[in-house]
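Heads up: the structure comes next, in structure tokens.
The values are calculated or read from the model by the stated rules, or taken from the named source; none is laboratory data. Not measured: the values here are computed from a predicted model. Here the Cβ positions follow ideal geometry from the backbone for every residue, glycine too, while neighbour counts run over all protein chains shown.
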Amino acid sequence: MTLRITADKDTGVAVVTLDRPARLNAIDLATAAELTSTWAEFRFDDSVRAIVLTGAGERAFSTGLDRDAEVPQPGSPFMVDDPLVAIGPKAAGLWKPVIAAVNGMACGGAFYLIGESDFVIADETATFFDPHTTYGMVNAYESVYLAQRMPFGEVARMALMGTAERVSARRAYEVGLVSEVTAPGEAVTAAVRCAAVIASYPPAAVQGTVRAVWSAQEATRTAALSQAPHLVSLGNLPPEAQAELFGTRRTEFRTR
């Protein structure tokens, strides 16, 4: 098991911990499957009314997809299999509140989880960045999730700067990605405190409110995410294929 789950039946709060600290809580295929099944199980567990999501250790909340994970892909750019697309609570149809408690690094595929949490609490050690462009990959899904929470220019800067720039917890708070900054090591405690308050309220009212808040941006998010597989596929083509594809298109444009 790569997740550690504890639940307090008295408060109705569960804490889900990504428990791969030696791998900076990177998400391999087994962890991805566990996350999907955990959210599905919470849908039917009425004793759990609010959830805190965090990462084990001091170094990272999560560094996204484990780089050792092997994900076979079909040959067509119109059929991309994304191993992280279903790891978030909303993807599983869970409308119970989820609070992300972030310490250390949060980057890359971590934004699938942060992006589907209802709000984020970070301690002063937290840093946020996305390495895709540095390594020649398209930042598509992560940008969509971030764009639901941050101003356009801040999303573009993070997405384009890659590993060259890390956003501090304080800056993340200033631009709206984070709702509260705590002392080092206190993010989970603060998140559990918030979760306990929310879990004490009537569940139907809470879950209906979560659904209402997300409905305000659902159409835009769904439309944006629909473009991601194609963009990712084209950006991940071998250099010679990219040169042929984009070189041809530039020539065609010039001759019109």
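Structural remarks
- Helices (runs of 4 or more DSSP H) (entirely within segment 141-185) containing at least 2 residues that are of a type in the set (Asp, Glu), out of contact with any Leu (no Cβ under 7 Å at 6 or more places or on another chain) and buried (at least 18 other Cβ atoms within 10 Å of the Cβ): none
- Matching residues in segment 9-21 - criterion: being touching a residue at least 24 places away in the same chain (Cβ under 8 Å) and over 20 Å from LYS90 (Cα atoms): LYS9, THR11, ASP19, ARG20, PRO21
- GLU142, sole failed condition from (1) at pLDDT 95 or above; (2) of a type in the set (Asp, Glu); (3) touching a helix residue (DSSP H, G or I) at 6+ places or on another chain (Cβ under 7 Å): (1)
- The set of residues in segment 88-126 that are under 14 Å from VAL52 (Cβ atoms) and of a type in the set (Lys, Arg) contains only LYS96.
- Scanning segment 31-53 for residues that are within 17 Å of the chain's Cα centre (by Cα) and either farther than 20 Å from VAL210 by Cβ or free of Cβ contacts under 8 Å to residues at least 12 places away in the same chain (or both), we see that the one that is surrounded by the most Cβ atoms within 10 Å (Cβ to Cβ) is THR31.
- Which listed residue is over 20 Å from ALA195 (Cβ atoms) and touching a Lys or Arg at 6+ places or on another chain (Cβ under 9 Å), from THR127, THR133, THR163: THR127
- Per-region count, segment 55-112, residues crowded, with 24+ Cβ neighbours inside 10 Å, more than 23 Å from GLU41 (Cβ to Cβ) and of a type in the set (Phe, Trp, Tyr): 1
- Taking the criterion of being more than 10 Å from ALA56 (Cβ to Cβ) and surrounded by fewer than 22 Cβ atoms within 10 Å (Cβ to Cβ), the only residue of segment 13-22 that qualifies is VAL15.
- Output for segment 165-188, where each listed residue is touching a helix residue (DSSP H, G or I) at 6+ places or on another chain (Cβ under 8 Å) and not hydroxyl-bearing (Ser, Thr, Tyr): GLU165, VAL167, VAL175, LEU177, VAL178, GLU180, VAL181
- Pairing each residue of segment 122-145 that is closer than 15 Å to ALA164 by Cβ and without any contact (Cβ under 8 Å) to a residue 60 or more places away in the chain with any residue that is of a type in the set (Asp, Glu) and buried (at least 22 other Cβ atoms within 10 Å of the Cβ), provided the two are 6+ apart or on different chains, yields C-beta distances under 6 Å for ASP130/GLU142; ASN139/ASP130.
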